[in-house]
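Undergrad: Would you mind keeping the following structure in view while I ask a few things?
The values are calculated or read from the model by the stated rules, or taken from the named source; none is laboratory data. Only a predicted model underlies this, so the values are computations on that prediction, with no experimental measurement involved. Neighbour counts run over all protein chains shown; Cβ positions are idealised from the backbone, glycine included.
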Amino acid sequence: MIDLHSHTWLSDGDLAPEALCARALALGIRQLAITDHDTIGAHHQLKYFSNINLQLITGVEISTNWDGREVHVVGLLLDIDNTGLKTLLRHQQCLRKIRAENIADQMQRAGINGLHDYLEQLPCESVGRSHIASFLVDAGYVGSKQLAFSKYLGKGGKFQATIPWCDLQHATSIVRQAGGLSVLAHPDRYDFNRAKLKRLMAIFAEAGGDAVEVSYSNLHPEKMSALAQQTLQAGLWASVGSDFHTPSNSWMDLGRIRQLPAGCAERAIWYHPRWNIALPANAAAVYK
């Protein structure tokens, strides 16, 4: 099997990079992309990882701004030592820390203390609202992360702080400069109507984007079919990925992705010319 979207505890996943690889091996994954949010630290930690049964693919998930909305771009097959990529990710991580400090200040004024110390103890390099939600749960202010977002951190929540992410075109350009392929991540989660998603795909393609995630965890087959059609119409390739974060979510476990729809399978990203240059072995052989 192949899985091109996963996270470790260096962003908002639960597992260490080595533990993620062990889980992938146990589940029969043969090719795995680690795509932490705005950090490639896992790939530096796994620089000398070697196992004949698991091929690691360098990756990252970059938060971007498009039309006033947060949209994520996955970069695959990256040169993790590329200067432009490292500069962008350092800036993104800095923005994340500023947001967390802003939220911590708001919480302190509301009588909620301890967020800063909580975050300092985490292994993450790229702090996100998910970590803050976990703090609110662990401290007993809410019963679940979902409630933490609805009451405190989400749109209309008590503690809000926005981030001026890099724009979509810049992220796509940086991925290209780093030798990678750029993928529009989980497009149905942005709550765009069909016309707006079509416009997003068109602009992404014009900016040099390569592919769209067409098959991923918990995606309804009808939506996947529609995404496949829109992807082909935009002239883009199709990618797959579980968006794995934690073993506790069995419906988003590694490899929990459906086959690409008929008519779209031949446009799978592993048939892309640059993919075959970077990874000569046939990835299609491990996509079951």
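Residues checked against (1) modelled with pLDDT under 95; (2) touching a His at 6+ places or on another chain (Cβ under 9 Å):
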| residue | (1), (2) |
| --- | --- |
| 88 | no, yes |
| 95 | no, no |
| 142 | yes, no |
| 146 | yes, no |
| 170 | no, no |
| 173 | no, no |
| 180 | no, no |
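Undergrad: Residues being part of a helix (DSSP H, G or I), more than 25 Å from the chain's Cα centre (by Cα) and without any contact (Cβ under 8 Å) to a residue 12 or more places away in the chain: count how many of those fall in segment 104-132.
TA: Residues meeting the conditions: 4.
Undergrad: Separate question: Taking only segment 161-209 into account, find how many residues are crowded, with 20+ Cβ neighbours inside 10 Å and in contact with a Lys or Arg (Cβ under 8 Å, 6 or more places away or on another chain).
TA: Residues in segment 161-209 being crowded, with 20+ Cβ neighbours inside 10 Å and in contact with a Lys or Arg (Cβ under 8 Å, 6 or more places away or on another chain): 2 in total.
Undergrad: Applying the selection to segment 50-72, what residues are surrounded by fewer than 16 Cβ atoms within 10 Å (Cβ to Cβ) and either among the acidic types (Asp, Glu) or under 17 Å from residue 90 (Cβ atoms) (or both)? If you could, list the steps in order and put the result at the bottom.
TA: Our first condition is that a residue be surrounded by fewer than 16 Cβ atoms within 10 Å (Cβ to Cβ); within segment 50-72, this holds for 50-53, 67-70.
67, 70 - these are the residues of segment 50-72 that are surrounded by fewer than 16 Cβ atoms within 10 Å (Cβ to Cβ) and either among the acidic types (Asp, Glu) or under 17 Å from residue 90 (Cβ atoms) (or both).
Undergrad: Within segment 3-13, does at least one residue satisfy the condition of being of a type in the set (Asp, Glu), touching a helix residue (DSSP H, G or I) at 6+ places or on another chain (Cβ under 8 Å), crowded, with 21+ Cβ neighbours inside 10 Å and not in a loop (DSSP other than H, G, I, E, B)?
TA: Yes, there is a match, as at least one residue in segment 3-13 is of a type in the set (Asp, Glu), touching a helix residue (DSSP H, G or I) at 6+ places or on another chain (Cβ under 8 Å), crowded, with 21+ Cβ neighbours inside 10 Å and not in a loop (DSSP other than H, G, I, E, B).
Undergrad: Would you please list the contacts, defined by Cβ atoms under 6 Å and residues six or more apart or on different chains, that run from a residue in segment 1-24 that is under 23 Å from residue 133 (Cα atoms) to a residue that is assigned to a helix (DSSP H, G or I)?
TA: Taking only residues 6 or more apart or on different chains, the pairs are 8/17; 8/20; 8/42; 10/41; 10/42; 12/130; 17/42; 17/45.
Undergrad: In this structure, does residue 91 turn out to be closer than 17 Å to residue 183 by Cβ and not β-branched (Val, Ile, Thr)?
TA: Answer is no for this residue.
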